[in-house]
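**Q** Dumping the structure here so I can ask a few things about it.
The values are calculated or read from the model by the stated rules, or taken from the named source; none is laboratory data. Keep in mind it's a predicted model, so treat the numbers as computed, not measured. Heads up, the Cβs are rebuilt from the backbone with ideal geometry, glycines too, and the neighbour counts pull from every protein chain shown. Ligands, DNA and RNA are excluded from the accessible area calculation, which covers all protein heavy atoms including side chains. Shrake-Rupley method; radii C 1.70, N 1.55, O 1.52, S 1.80 Å.
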Amino acid sequence: MKIAIVSPDKIRINEIGQLLQGSAHVVLPTVGGAGDLLALAGRDQPDLMLVDGCADSAGLAAIGALTSGHPHIAVVLLCAICTPDFLINAMRAGVREVLPAPLAPAELEAALLRIGAKLRSTQAHSEGKVLAFISCKGGSGATFLATSLGYQLAQTRSVLLVDLNLQFGDALAFVHDGRPASTLADVARAIARLDSSFLAASTVKVTPNFSILAAPDDHAQAVEISAAHVDAVLALAVQHYDYVVLDIGRPVTTLSIKALDRAYRIYPVLQAGLASIRNAKKMLAIFKSLDYGADKIELIVNRFERKGPIGVAEIERALGKFAIHTVANSYKQVTAAIDHGEPLTASARANPVLHGVAGLAEALMTHPQAAHTGQDGRPARLFGRLTGRLLGRHSGESHVLP
């Protein structure tokens, strides 16, 4: 947790800081009083505020304003003498717990465990979904699909795309023609400052609901980013965004595994060619060794030609029974959109690729299990009857044809 300690007494702050020394918590000490609480909450966005010296009516009023404006922040009040009336007034002000001062280590530890469990329980019900895109072979189109899905989901949901292709990441360029002021490397270097405000300020806002945390331009900066940095960013991101889309570089590394562990859905992207299918088979074997279940993995066959030499049935025989989505081949329009640094939706609203991405987005938002097993035990279709009549399907196939 991120814990802010607020007290007018510097000695008291040091004492509490020593009790928390060596813990996994981020501690933010501040010498201050009731008048500083709101500003500190807005600036630091802590999970918990340990407040000392606000045991009068003015202090409780300030705490009441804090808990009203920032209901996600738990407040623990330190008080030397606590009468029943004071405890009732503290509860009405939104104080989570009142602990006696001076603070006993065992009491502080127990309180932190209770509050931490409560915060995790609350977050478990509201966390966003992590969607990971990974190329089975270079040029498969994973970045294009990741950015396109993110843009589509952002029509009605909040979306953050994190570019984890640290050496060659260029996801931002697919939908935006500017350069990022900050990148994932900048966030990693200042990881102790990480909160929702800092994360948002480090992204590029493509649309009001769609932000991208860019990969670093410099390879030397990329090597400074650790798996722990990525895990911390994702742990925070799912608390503030409905969807966190990951564009993962092709090598499966310790860093990418840390990200994939958090994924609600993994989308290996391949094409209907032998080299791509062979790589997909190797990647699926890696995922199996990591204990990722088949319900977590959905294959996307990009640039799919319905009359091509390799069909969905052949891919399924080679790779096994996974949900398979196909995205039509529209190379010229897709390339033109990428070259202009704009989403495909802005340049080709009737494009079949767009229909495929829109169908996947709709399934995620309205029917979270639609891309898994239907009532007959086969992978369910993503589109409704109207889309099927407009775009066509093969009868009996357990996949989507855009």
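**Q** Do we have Asp218 as under 20 Å from the mean Cα position of the chain (by Cα) and open to solvent by 40 Å² or more (accessible area, probe 1.4 Å) here?
**A** no
**Q** Against the condition open to solvent by 60 Å² or more (accessible area, probe 1.4 Å), touching a Lys or Arg at 6+ places or on another chain (Cβ under 8 Å) and farther than 23 Å from Val76 by Cβ, how does Lys205 come out, does it pass?
**A** no
**Q** Then there's this: Looking only at segment 80-96, which residues are small (Gly, Ala, Ser) and assigned to a helix (DSSP H, G or I)?
**A** Ala90 - this is the single residue of segment 80-96 that is small (Gly, Ala, Ser) and assigned to a helix (DSSP H, G or I).
**Q** Does segment 1-32 hold any residues that are in contact with an Asp or Glu (Cβ under 9 Å, 6 or more places away or on another chain) and open to solvent by less than 20 Å² (accessible area, probe 1.4 Å), and which are they?
**A** Hits for segment 1-32 are Lys2, Ile3, Ala4, Ile5, Val6, Ser7, Ile13, Ile16.
**Q** Here is a further query. Please state which one of Leu246, Leu255, Leu236 is modelled with pLDDT of 95 or more and either basic (Lys, Arg) or farther than 16 Å from Lys137 by Cβ (or both).
**A** Exactly one residue qualifies, and that residue is Leu246.
**Q** Which one of Leu77, Leu103, Leu99 is outside any helix (DSSP H, G or I) and surrounded by 20 or more Cβ atoms within 10 Å (Cβ to Cβ)?
**A** None of the other options fit; the residue is Leu77.
**Q** Further question on the same structure: Among the residues of segment 231-238, are any within 26 Å of Phe304 (Cα to Cα), in contact (Cβ under 8 Å) with a residue 24 or more places away in the chain and out of contact with any helix residue (DSSP H, G or I) (no Cβ under 7 Å at 6 or more places or on another chain)?
**A** So far as segment 231-238 goes, no, none of its residues is within 26 Å of Phe304 (Cα to Cα), in contact (Cβ under 8 Å) with a residue 24 or more places away in the chain and out of contact with any helix residue (DSSP H, G or I) (no Cβ under 7 Å at 6 or more places or on another chain).
**Q** Additional query: Kindly evaluate Pro71 against the criterion of being outside any helix (DSSP H, G or I) and touching a residue at least 24 places away in the same chain (Cβ under 8 Å).
**A** Taking the combined requirement at face value, the residue does not satisfy it.
**Q** Further question: Looking only at segment 272-297, which residues are open to solvent by less than 50 Å² (accessible area, probe 1.4 Å), farther than 21 Å from Ala363 by Cα and not hydroxyl-bearing (Ser, Thr, Tyr)?
**A** Those that are open to solvent by less than 50 Å² (accessible area, probe 1.4 Å), farther than 21 Å from Ala363 by Cα and not hydroxyl-bearing (Ser, Thr, Tyr): Ala272, Gly273, Ala275, Ile277, Asn279, Ala280, Met283, Leu284, Phe287.
**Q** Would you be able to say whether some residue in segment 222-229 is modelled with pLDDT under 90, at negative phi and crowded, with 18+ Cβ neighbours inside 10 Å?
**A** Looking for residues that are modelled with pLDDT under 90, at negative phi and crowded, with 18+ Cβ neighbours inside 10 Å, one finds at least one in segment 222-229, hence yes.
**Q** Of everything in segment 232-256 that's open to solvent by 40 Å² or more (accessible area, probe 1.4 Å) and in a helix (DSSP H, G or I), which residue is farthest from Gly178 (Cα to Cα)?
**A** Thr254
**Q** Considering segment 3-60 alone, what residues qualify as being over 16 Å from Ile73 (Cα atoms) and aliphatic (A, V, I, L, M)?
**A** Ile11, Ile13, Ile16, Leu19, Leu20, Ala24, Val31, Ala55, Ala58
**Q** With respect to Ile300, determine if the residue is open to solvent by 20 Å² or more (accessible area, probe 1.4 Å), among the hydrophobic types (A, V, I, L, M, F, W, C) and touching a residue at least 24 places away in the same chain (Cβ under 8 Å).
**A** No, not satisfied.
**Q** Within the bounds of segment 310-319, is there any residue that is closer than 18 Å to Ala132 by Cα and crowded, with 18+ Cβ neighbours inside 10 Å?
**A** no
**Q** Among the residues of segment 122-171, write down those that are open to solvent by 20 Å² or more (accessible area, probe 1.4 Å) and closer than 28 Å to Met1 by Cα.
**A** Once the filter is applied, which keeps residues that are open to solvent by 20 Å² or more (accessible area, probe 1.4 Å) and closer than 28 Å to Met1 by Cα, segment 122-171 yields Thr122, Gln123, Ala124, His125, Ser126, Glu127, Lys129, Arg157, Ser158.
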